[in-house]
Amino acid sequence: MNTTAENASGSSAVVPVKGSLDMATINHVPIVSSYNVHIRPLLDAVDKLRDLNVMKEGIQLPTIVVVGDQSSGKSSVLESLAGISLPRGQGICTRVPLIMRLQHHSSPEPEICLKFNSKTVPTDEANIADAIVMATDEIAGNGKGISNSPLTLVVKKDGVPDLTMVDLPGITRVPVKGQPENIYEQIADIINEYIKPEESVILNVLSATDDFTTCESIRMSQKVDKNGDRTLAVVTKSDKSPEGLFEKVTADDVNIGLGYVCVRNRIGDETYKEAREEEVVLFQTHPHLSKIDKSMVGIPVLAQKLVHIQATIIAKCLPDIVRKVQDKLNACTSDLDRLPKTLSSPADAFTTFMSIIGASKDSLKKLLLSGEYD
């Protein structure tokens, strides 16, 4: 089955999506798609540029940014995509931007590590939540405040989709004890910084129990993406509020240009395999949810759409990124060439000093006499 969605540039793109998935498919086919092998080199290149902090140089990178109101089910969605457990609890669990790098590899043993403050800390599936909490405390302090310094989580695991996403703090308006009074403004500033660039794809996590038109995350994304051309919505807790969900996602009163995907959150001690089996049964048999097209339901469909969207935006942006990097490199090389050479004697120092004075005089003449401000 194909579904037509607008890509990040606003033009339509046909996104192949699996139709109804039976139990045998769910049990034997991982979330990972067959074209990941082609996307991986491009994604590695973008991730390396992110490690080099090129965004601080004004070069924006294609990024999937995950936003949602507090308790919307963001963590559950990311856990299902990555097949790992993230920190849970009351209040804001994500206190720093969490860059999640998922990479499929065939080894039976996952490789998981955290990167922050110029160091790499290996961990495992059993201890990953505690490791994230410890790293977050080191970055943002032991309280309940937030920080804009990112934490990178690398997950190399069999069956996960090749994706890089940035999970941001959940939106909350009322500070709890230990949080600054302007916590909403702080979170809003971080979210706006990440979703404003045209290169960003916004993954807006909505709860089926909420009225979409009143969600704060929708309000924020509409400010920077009015027509929803680069916004994809994932609706969580579909089993908690199934009545009327079909009408909500088909009416699209909030302009979600890249479409909706409805999912069922993992419950209790379910394994990820069991959760996916229950998800398939839910959307195939429930009297209300079975009305929703199968190209709009399930974690596997969400993973496929995200990988497609990611590939589209990287292919669109990469040539421009290469040009900007080259321009920056040429400018820095030119500045470096203008710096004084190694000074080995007082005479060299005096000559260099006079050269600097001469260059300053020329600049002042251009500014004051010729009006050349470039």
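The values are calculated or read from the model by the stated rules, or taken from the named source; none is laboratory data. Everything numeric here is computed off the predicted structure, so don't read it as measured data. In this analysis, Cβ positions are derived from the backbone assuming ideal geometry, glycine residues included, and neighbour counts consider all displayed protein chains. We work out accessible area using only protein heavy atoms, side chains counted, and drop any ligands, DNA or RNA first. Shrake-Rupley method; radii C 1.70, N 1.55, O 1.52, S 1.80 Å.
Per-residue accessible area for PHE212 at 1.4 Å probe radius, Å² rounded to 10?
10
So how do ARG88, ARG219 rank on accessible area, 1.4 Å probe, biggest first, that is with the largest at the start?
Details: ARG88 145, ARG219 90 Å².
Descending accessible area places them as ARG88, ARG219.
Determine, for each peptide in 132-139, 174-181, the mean count of other beta carbons within 10 angstrom over its residues, then list the peptides with the highest first.
On the way: 132-139: 18.0, 174-181: 11.5.
Peptide ranking by packing, descending: 132-139, 174-181.
Given a cut-off of under 8 Å on Cα pairs at least six residues apart, what relative contact order in percent is computed for region 232-295?
Values: 60 pairs, mean separation 26.0, N = 64.
Computed over region 232-295, the figure is 41 percent.
Name the residue, out of GLN186, GLN103, GLN326, whose mean-square fluctuation peaks in a Gaussian network model built on the chain with Cα pairs under 10 Å.
Evaluated over the chain, the most mobile residue of the options is GLN326.
Roll a 1.4 angstrom probe over the protein heavy atoms and tell me the percent of accessible area of the chain that is carbon or sulfur.
Values: 9910 of 18600 Å².
With neighbouring chains kept in place, the figure for the chain is 53 percent.
Once you keep just the Cα pairs under 8 angstrom separated by 6 or more residues, what percentage relative contact order results for region 106-219?
22
Put one equal scatterer on each alpha carbon of region 318-369, apply the Debye formula with no solvent term, and list log10 I(q)/I(0) at q = 0.14 1/Å to two decimals.
-0.59
When the dipole is taken about the Cα centre of region 224-374, and only Lys, Arg (+1) and Asp, Glu (-1) are charged at their Cβ, what size is it in debye, to the nearest 20? Don't skip to the answer; put the middle values down first.
On the way: 21 positive and 22 negative charges, 83 e Å.
It comes to approximately 400 debye.
Given a cut-off of 18 Å, name the pairs among LYS74/LYS177; LYS248/LYS294; LYS248/LYS291; LYS48/LYS119; LYS48/LYS305 whose C-alpha atoms lie farther apart than that in the structure shown.
Details: LYS74/LYS177 23 Å; LYS248/LYS294 16 Å; LYS248/LYS291 12 Å; LYS48/LYS119 15 Å; LYS48/LYS305 23 Å.
Long pairs (Cα-Cα over 18 Å): LYS74/LYS177; LYS48/LYS305.
Write down the accessible area per residue of region 291-374 in Å², having rolled a 1.4 Å probe over the full set of protein chains.
Details: 5600 Å² over 84 residues.
Result: 67 Å² per residue.
Please find, in a Gaussian network model of the chain (springs between Cα atoms separated by less than 10 Å), the residue of LEU81, LEU151, LEU52 whose mean-square fluctuation is greatest.
LEU52
If you compute Rg and Dmax of the Cα atoms in Å for the structure shown, which of (1) 21.8, 74; (2) 24.2, 89; (3) 23.1, 95 do you land on?
Recomputing Rg and Dmax of the Cα atoms in Å here gives the entry labelled (2).
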